[in-house]
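One structure is given here, and the rest of the page talks about it.
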Amino acid sequence: MSNLKTNPIVRILRSPSRTALAWVGMIVLISLVREFTGVNDITSAGAMEATIRFTIPILMAALGGLWAERSGIINIGLEGFMIFGTWFGAWFGFLFGPWIGLLSALLAGGIIALLHAFLTVRIGIDQAVSGLAINLLAAGSARYLAGVFFTGRPNGSIQVSPPINSISQFTVHGLSPFLSHIAEKHILIISDVAGILAGIVTGVNWVSLMLFLLLPFSAWILWHTKYGLRMRFCGENPVAAESLGINVYRTRFIAVCVSGAIAALGGAYLAIVSTGNYLEGQTNGRGYIGLAAVIFGNWQPSGILAGSFLFGLTDALRVRQSTSVHALLILVVVLTAAYGLTKIKKKDWKGLITNFVISGLVLAYFLINSRVPDEFVTFFPYLTTLIVLAFLSQRLRPPAMAGAPYHKGEESGV
Amino acid sequence: MKAKKIFWTLIAPVAAIVISFIFVSIILLFKHANPFSTFQLIFSYGFQPGNIVAELNQTIAYYLAGIAAAIGFKMLLFNIGIDGQYRLAIFFAAVVGGSTHLPSFLEIPLIVITAMVVGAAWASIAGYLKVKKNISEVISNIMLNAIASGIIIYLLQPGRLGTKGPHSDNLATPTIPKSGWMPTISMFGGQLYTFGIVAIAVGVIYWIILNKTVFGFNLRATGLSFRAARASGVNAPRMVFITMAISGAIAGLTGVGECLSETHNYSLAFPEGYALTGLALALLGRNNPIGVAFAAFFWAFLERAAPILDLNGIPNEIVLMMEGTIILATVASYEVVKRINKRQQQKLVGSAQITNVESKVTKESAV
């Protein structure tokens, strides 16, 4: 327990004002990095727009993971639900317009998740097996359905769907050009903030906005309603929950269905907004990255937003300009060094030295090379998660009974 | 009694296969295809002599992946990292093989051992995190798979460890010299890998270690109850770590047959997804070396037969869907069977207690 209280990261994430402060601190740091390295794309409006586009699907997958895991069911099938989402979103989007596409992806995800819920909650099979089988099933089904429905349509084939009408966008008039103007001046901090804001208000997509709002909405349900309390209770201790009259099976069923629905929405977003059509394999492991974001974010809404944003940002920067990723290494150098300094207070000299060595190694890499190989950037989210797991595992607080099967009337074994 | 036991062992996989056949039949009916003629097509094509050799070769790889998964399962370890372990292992084995020129009797063992060591090393990262940091091996292995892919793609670039073939744009490792090639057996117009002998040996050793050694006993005990094993003096965390490494070492062997007897290098054409297949086969074969072998052949058979469907106007993706349903149905029916058995046992114990009490009562009343 003392660990939890003294850890600076946990302390920062505890209170909203500190979280906000952390975000401000990040922006200041990033703008310093931009100034120092001269890579202006990091905080440009375009990069921000791309980041939003890449963050939303990961965030949806992560939210899906959060819902399921908080109720005690690990959903490795997130990738599969996203794949289903891309297909349903694309097909119904093509037929009836993008909004119906999103809606049908939502419904399809929820209905298919019933299968995962039935197998894991009622029958009690290994949750990882079920999730992985769903991923396999999704890949096969999407290809099968694409072959049956898309081939023969205009511009459609087994790998590509016919194009979907795009969703209306809006730009906050007056504000957007003004901010972009400031952003192009490259003044320290001011331009960076302007650039980020410009990215947010330019070409805003209604879908992005609505899906983003699912995050505070989920946080509200899970932490501020009776139902949410029950759901988290089922994830922490289903036996005790049952003894207090909570229907664990039903609660978990609902949570898993919501999880599948949200993940499918993320897939539909990829098809409808990101590319404008279904492409085979376009989810490209984002379901797994979402799973990683849940762990990275310590099963907290603010944390998974930070995780999704970080992974979305690296994705966006990689696509736009790989020198940006190289510049961000400085950020890693500063942050590891700063984290090392917090160890002084606890007289944890080993921790201090470890962090400084890592920081020094990254700095050396930054100075020797002029860019990060693209291959490394692709697995950056996975590596980050693994490192976070390895170094902060004692401070992570997953739902206690996530992953353990529960049968009514039996003690669930660990 | 024995017949009954066999019945309960076989009912689950048979039920699973029946369920998935029904599921696929429904899909086929939607597509206005006749399920019976479709299955007939799969069987007649799959059992053509020319295809059987290819299926057996594929069975070798699947079998090794299945055994790697099975040994993990015995310890309740879900080694989803087989994919990364196998690819990293065969990549480095091919690199080592391609850069050394030794006589056959040294070259081939060198390649095989490299593959095992690399597989074990990569798996032991997950094992370490599991034992020391209490991180679920599922999560860490998913991350490690992605990292392994990235490392391979990075190292496979020309100028690092890979080269571009003279006639193609495919990136590959340098070709292994002839002394590192493993002979093949010609049969039915195909070339059967002799590496199959290693696969059989692995199956036999797996069975012996598990059933006839102290190590195997400890392993099974730890899998059944971590706490009980620990209380009785087994170093349970160490067992978890070692099992993960062994599983990785066997996973490392998965691609060796293909590399030594056919491609003689590693390229990105090596298939992905062995982890899921291996886990499915271990589940289907109930972690039994012979069961896994049958399951592996069945899988290889289905996949070999899939392309014929396209030629007859049926999308071959139904094979993928069939595999998915088989996995789900197998696991689900095992769980159901387990619960039925448990209920029967409870009933048996319950009725035994009642008769006990009754006999006591009658004895007492007689007195």
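Taking the Cα atoms of the stretch B:154-257, report the difference between the largest and smallest coordinate on each principal axis, in whole Å and largest first.
Extents along the principal axes: 62, 39, 21 Å.
Between A:Val357 and A:Ile387, 0.36 nm times their residue separation minus their Cα-Cα distance comes to what? Don't skip to the end; give the middle numbers.
Working: separation 30, 0.36 × 30 = 10.80 nm, distance 1.48 nm.
Here the segment from A:Val357 to A:Ile387 would lengthen by 9.3 nm.
Using alpha carbon centroids, what distance separates the stretch A:342-414 and the stretch B:109-166, in Å?
Here the two parts' Cα centres lie 18 Å apart.
When a/c is below 1.5 the answer is rounded, else prolate if a/b is larger than b/c, else oblate, so apply that to the stretch A:75-226 with a ≥ b ≥ c taken from the square roots of the Cα gyration tensor eigenvalues.
On the way: a/c = 2.59, a/b = 1.52, b/c = 1.71.
Verdict is oblate for the stretch A:75-226.
Using amide H atoms built 1.01 Å from N in the peptide plane, name the residues 5+ places from B:Gln191, or on other chains, whose amide H lies under 5 Å from its own.
none
Can you give me the angle between helix B:289-311 and the longest principal axis of chain B, using Cα atoms only, in degrees from 0 to 90, rounded to the nearest 10?
Value to nearest ten degrees: 60.
Could you tell me which of rounded, prolate or oblate describes chain A, using a ≥ b ≥ c as the square roots of the eigenvalues of the alpha-carbon gyration tensor, with rounded for a/c under 1.5 and, failing that, prolate when a/b is larger than b/c and oblate otherwise? Present the calculation step by step, with values, prior to reporting the outcome.
Numbers: a/c = 1.80, a/b = 1.12, b/c = 1.60.
Note, shape of chain A comes out oblate.
Give the whole-number value, in cubic angstrom per residue, of the convex hull volume spanned by the C-alpha atoms of the stretch B:1-91. Write down the numbers at each step before the final one.
Details: hull volume 16.9 nm³, N = 91.
In the stretch B:1-91, the Cα convex hull volume per residue is 185 Å³.
Please determine, in degrees from 0 to 90 and to the nearest 10, the orientation of helix B:49-74 with respect to the longest principal axis defined by the Cα atoms of chain B, where the helix direction is its Cα long axis.
50
Considering amide H positions built from the backbone, and no H for Pro or chain starts, which residues 5 or more places from B:Asn288, or on another chain, come under 5 Å of its amide H?
The answer is none.
If neighbour count is taken as other Cβ atoms inside 10 Å, put A:Ile358, B:Ile80 in order from fewest to most. Don't skip to the answer; put the middle values down first.
Details: A:Ile358 18, B:Ile80 26.
Listed from fewest to most nearby Cβ atoms, that is A:Ile358, B:Ile80.
What is the order of B:Glu258, A:Glu375, fewest Cβ neighbours within 10 Å to most?
Values: B:Glu258 21, A:Glu375 16.
Ascending Cβ contact count within 10 Å gives the list A:Glu375, B:Glu258.
Does chain B classify as rounded, prolate or oblate by the C-alpha gyration tensor (a ≥ b ≥ c root eigenvalues; a/c under 1.5 gives rounded; else a/b over b/c gives prolate, otherwise oblate)? Before the final figure, lay out each step's value.
Working: a/c = 2.29, a/b = 1.42, b/c = 1.61.
It comes out oblate by the Cα gyration axes.
Calculated FRET efficiency, A:Asn155 and B:Asn170, Cβ-Cβ r, R0 41 Å, to nearest 0.05? Intermediate values should be presented prior to the final figure.
Working: r = 29 Å, r/R0 = 0.71.
The pair A:Asn155/B:Asn170 has a calculated efficiency of 0.90.
Would you list, by chain and number, the lysines whose Cα falls below 29 Å from the Cα of B:Lys74, excluding same-chain residues fewer than 8 positions away?
A:Lys408, B:Lys2, B:Lys4, B:Lys5, B:Lys130, B:Lys132, B:Lys133, B:Lys212, B:Lys338, B:Lys342, B:Lys347
Just want the ordering: B:Lys342, B:Lys4, from fewest to most Cβ atoms lying within 10 Å of their own Cβ. Kindly include the intermediate steps, with their values, before the conclusion.
Details: B:Lys342 11, B:Lys4 8.
If I rank by nearby Cβ atoms, fewest first, I get B:Lys4, B:Lys342.
Per-residue HN-Hα couplings for the stretch B:4-15, Karplus 6.51 cos²θ - 1.76 cosθ + 1.60 at θ = phi - 60°, whole Hz, x for Gly and Pro?
Those phi angles translate into 5, 5, 4, 4, 5, 6, 8, 4, 5, x, 5, 4 Hz.
What is the Cα centroid distance between the stretch B:1-42 and the stretch A:167-194, reported in whole angstrom?
Their Cα centres are 61 Å away from one another.
By how many nm would the segment from A:Leu341 to A:Val239 grow when fully extended, if each residue of separation counts as 0.36 nm and the alpha-carbon distance is taken off? Numbers along the way, then the final one.
Numbers: separation 102, 0.36 × 102 = 36.72 nm, distance 4.30 nm.
Separation in residues times 0.36 nm, less the Cα-Cα distance, equals 32.4 nm.
Just want to confirm a number: the relative contact order over chain B, from Cα pairs under 8 angstrom separated by 6+ residues, in percent.
Relative contact order, chain B: 33 percent.
Using the beta-carbon distance between B:Lys5 and B:Ile208 and R0 = 30 Å, what value does 1/(1 + (r/R0)^6) give for FRET efficiency, to the nearest 0.05?
Details: r = 22 Å, r/R0 = 0.75.
Taking R0 as 30 Å, the efficiency between B:Lys5 and B:Ile208 is 0.85.
Taking amide hydrogens as modeled 1.01 Å from N in the peptide plane, which residues meet the under 5 Å criterion relative to B:Gly162, leaving out close sequence neighbours?
Residues meeting the amide H criterion: B:Gln157.
For the stretch B:234-289 and the stretch A:62-77, what is the centre-to-centre distance using only Cα atoms, to the nearest Å?
The stretch B:234-289 and the stretch A:62-77 have Cα centres separated by 28 Å.
Taking each residue in A:71-84, count the Cβ atoms of any other chain within 10 Å of its Cβ, then average. What number comes out? The partial results should precede the final answer.
Values: counts 0, 0, 0, 3, 0, 5, 0, 0, 1, 1, 0, 0, 0, 0.
Rounded to a whole number, the mean comes out at 1.
A short reminder: the numbers here are calculations on the coordinates, not readings from a lab. Everything numeric in this text was worked out from a predicted model, so none of it was measured. Note that each Cβ is placed from the backbone with ideal geometry, even for glycine, and that neighbours are counted across all protein chains shown.
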